[in-house]
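> Just dropping this structure here.
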Amino acid sequence: MPSGQTLFDKIWNRHLVANLGPGVDLLHVDRHLIHEGGGPAFRSLAKKGYTVRNPELTFATADHAVSTVPGRMDDTTERSLQWVPALRAGCAQAGIRFFDLNDAEQGIVHVIGPELGLTLPGLLLVCGDSHTCTHGALGALAWGIGSSELEHVLATQTIIQHRPKTMRITCDGALGRGVQPKDLILSIISTIGAAAGSGYAVEFAGAAIRALSMEGRMTLCNMAIELGAKFGQVAPDDTTLEYVAGRPFAPHGEVWDAAVVDWKMLASDAQATFDAEIPIDASLIAPQISWGTSPEHTVSIDGLVPDPAQAATDEARKSMQAALQYVDLQPGTRLEGLRIDRVFIGSCTNSRISDLRAAAGIVKGQRVAAHVTAWVVPGSQAVKRQAEAEGLDQVFRQAGVAWREPGCSLCVAWNGESVAPGERCVSTSNRNFVGRQGPQSRTHLASPAMAAAAAITGQITDARKL
Amino acid sequence: MEKFTTLTGIAAPLMLENVDTDVITPMELMVTYGFGRHVGRIAFAPLRYIKTEHDGPDFILHQPTENPEFVLNQEPFRQARILLAGTNFGCGSSREMAVWAIARMGYRCLIAPSFGQIFFNNCFKNGVLPIVLPRPVVEDFAELARSGGVEAQFTVDLNAGEIVSPAGEKIAFAVEPTRREALLEGLDEIGLTLQRESEIADFQQRDRQERPWVYAVARE
Ligand code: SF4
């Protein structure tokens, strides 16, 4: 056995079907997840005369195009009607398990994968969605693919990949009181930049990561792509095993025991070397809020909108100027106290039960500011059931927060749900891109606690002060 | 897939950082117009058009008002088939439509200091050549493109792995060999991979013994 391998290398090498050239391999895909965007692939494949090779290894759900209004059906919106039946039909024909609109397992694809035990440590998992890096939180090798690749996976159960460089981001120290995993990842992105991980597979390590719950690790890995990295991973440990044990699709009995032995060997070896090493002191991080149109446009809650004149490059200056114009903010403005119109708590970044608990903890016994529309969109039916069992839905409803059905909702203006032009939304999602939440929408990325605090005060607020 | 061998033409300088796939192909517009015929019109919509009060949601289909400040709307760059872009071009989502839209606008070659990784991959699947060059080189190209007008012809030669700039300078670029070959030949990757069916079957057979939990997923 070669010593000094990284977690990434170990999983990659395990999946090698054939080497295709220097640095390019044909890899086996253990799990393939699809959402509505994968619907057209079935017809395209058939047209080319190909069939689905291993339908039992692909799982589908509806999340991107669905309505999240209570009582929603296929035809609640035109958008949903355009996409959901097509995916359902494609899956039925190919023999792929589809978690349908109101099934007990339905939810955002990156929430249900881990939740159902479809995502396991050491697996190679792909999905036609860039936030597939989320699944790396369990120690899987997971990344987002395009639609040509999606067809390739359906037809061959393999994928052609170029081996990336490796980067380790070591987060030492402990997160402070009221500082959430979302703050940690936003802070990392703003510190090293939205392109810093381009060409790399990132492993998050260090005491602050080991201390995170699985859900916190998912929030972190979810946004690896916002660092430019297709892959984000955390080595499996006892927290991982505890999380996976007993999940519906997870192995059990003797197979579980064998799997655990296998998974315990996945962690990067002590002698492993990475192409880049980045140290982060987690104890210095405050709650974060984004101000612009890239996740790297983020500052601490006591921060000011930066001045493009201070930008390092001409290119960066122009991008900052364009961003400021779009979000209608002046350099030097304090973010704390900025009036907002909308709050969205949801998305594959922050729609899990711990996220909803954090938000509920802030809104309990309070009222949403009169001028604010606030939504909570649970990430899955299972999260919704759990939250309702804990009475969180009541906490939100009594505060005047809308409690909705699982889906991507306001994270992406695909499903007919959007933030109106000019409105300012504090959002727990992962992208503040131009038009992401709807044409001319202005997004401020934040943690669930920060989003909940903004809902109550009607302005950007340090959640620690409530 | 359309082959790519050499390309000569002017280059449009779109030197902004982090131009993401939501700017290249806004989801709202894509799902309204579909990914087919109109996808080229959608490209860069937030930068490219000015939406007036009279415009309905389908304004892009009805001669939308162009933003004259946007470089891709200006002559001679409307004729460009090469796009010079800033750092992290195409970051964001995995949507392959972003590449389709750019290809539909007529661009076959993109040159930037770095690209969003999924977007980069998607380019190769659609006969579009993305080239990574150091930022100062791309900035030089942008300057040559701006000052040279229609005279500023670039030649991109994939076979030789070389760009000839309007100044006559030759700049080498690297493309990973399998991708290069796929582009030069316009290969069907699925067909090629299926020629390895026995290797895939062997892998699975062996792997089923070693990692049974991967395959035992048929819970009802
Ligand atoms: S919640 Fe948002 S980021 Fe996540 S899968 Fe859905 S659209 Fe993509």
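The values are calculated or read from the model by the stated rules, or taken from the named source; none is laboratory data. Every value quoted in this text rests on a predicted model; they were computed, and no experiment measured them. Using ideal geometry, Cβ is built from the backbone for each residue, glycine included, and neighbour counts are taken over all protein chains shown. These accessible areas exclude ligands, DNA and RNA; they are computed on the full protein's heavy atoms, side chains included. Shrake-Rupley method; radii C 1.70, N 1.55, O 1.52, S 1.80 Å.
> Name the residues in region A:430-456 that are over 17 Å from the mean Cα position of the chain (by Cα) and within 15 Å of the ligand (Cβ to nearest atom), would you?
Passing the criteria: A:435, A:438, A:441.
> Right, another one. Return yes when residue A:453 is open to solvent by less than 20 Å² (accessible area, probe 1.4 Å) and farther than 28 Å from residue A:321 by Cβ and no when it is not.
So residue A:453 passes the test.
> Filter region A:47-104 down to residues that are within 16 Å of the ligand (Cβ to nearest atom) and under 30 Å from residue B:199 (Cα atoms), then give me how many there are.
Going through region A:47-104 one residue at a time, the tally reaches 2.
> Across region A:266-321, what is the total count of residues that are under 25 Å from the mean Cα position of the chain (by Cα), in a helix (DSSP H, G or I) and more than 14 Å from chain B (Cβ to nearest Cβ)?
Residues in region A:266-321 being under 25 Å from the mean Cα position of the chain (by Cα), in a helix (DSSP H, G or I) and more than 14 Å from chain B (Cβ to nearest Cβ): 3 in total.
> Another one. Looking at A:138, A:124, which is the one that is more than 10 Å from chain B (Cβ to nearest Cβ) and either without any contact (Cβ under 8 Å) to a residue 40 or more places away in the chain or open to solvent by less than 10 Å² (accessible area, probe 1.4 Å) (or both)?
None of the others qualify; the one that does is A:138.
> Also, I was wondering about something else. Exactly one of (1) more than 22 Å from residue B:48 (Cβ to Cβ); (2) at pLDDT 95 or above is unmet by residue A:431. Its number?
Failed condition: (1).
> A further question follows. Give me the strands (runs of 3 or more DSSP E) completely within region B:133-220, filtered to those with at least 1 residues that are open to solvent by 80 Å² or more (accessible area, probe 1.4 Å) and within 30 Å of residue B:17 (Cα to Cα), ordered by residue number. Steps first, answer last, please.
Numbers: elements: B:154-157, B:162-164, B:170-172.
The qualifying strands (runs of 3 or more DSSP E) are B:170-172.
> Being crowded, with 20+ Cβ neighbours inside 10 Å and β-branched (Val, Ile, Thr) narrows it down to one residue among A:255, A:305, A:260; which is it?
On inspection, the qualifying residue turns out to be A:305.
> Run down A:160, A:169 and say which single residue is open to solvent by 10 Å² or more (accessible area, probe 1.4 Å) and either small (Gly, Ala, Ser) or in a strand (DSSP E or B) (or both).
A:160
> Taking into account only those residues within region A:88-113 that are buried (at least 22 other Cβ atoms within 10 Å of the Cβ) and away from every other protein chain (no Cβ under 14 Å), which is farthest from residue A:13 (Cα to Cα)?
A:101
> Does at least one position in region A:394-403 carry a residue that is within 14 Å of the ligand (Cβ to nearest atom) and in contact (Cβ under 8 Å) with a residue 60 or more places away in the chain?
No: region A:394-403 contains no residue that is within 14 Å of the ligand (Cβ to nearest atom) and in contact (Cβ under 8 Å) with a residue 60 or more places away in the chain.
> Give the residues of region B:131-152 that are touching a residue at least 24 places away in the same chain (Cβ under 8 Å) and within 20 Å of the chain's Cα centre (by Cα), sorted by residue number.
If the condition is that a residue be touching a residue at least 24 places away in the same chain (Cβ under 8 Å) and within 20 Å of the chain's Cα centre (by Cα), then B:131, B:132, B:133, B:135, B:137, B:138, B:139, B:141, B:142, B:145 are the ones that fit.
> Which one of these is surrounded by fewer than 17 Cβ atoms within 10 Å (Cβ to Cβ), farther than 25 Å from residue A:120 by Cα and either touching a His at 6+ places or on another chain (Cβ under 8 Å) or not charged (D, E, K, R) (or both): A:300, A:283?
The conditions single out A:283.
> Test each condition in (1) more than 14 Å from chain B (Cβ to nearest Cβ); (2) closer than 30 Å to residue A:302 by Cβ; (3) open to solvent by 10 Å² or more (accessible area, probe 1.4 Å); (4) not in a loop (DSSP other than H, G, I, E, B) for residue A:175 and report the one that comes out false.
Unmet for residue A:175, out of (1) more than 14 Å from chain B (Cβ to nearest Cβ); (2) closer than 30 Å to residue A:302 by Cβ; (3) open to solvent by 10 Å² or more (accessible area, probe 1.4 Å); (4) not in a loop (DSSP other than H, G, I, E, B): (4).
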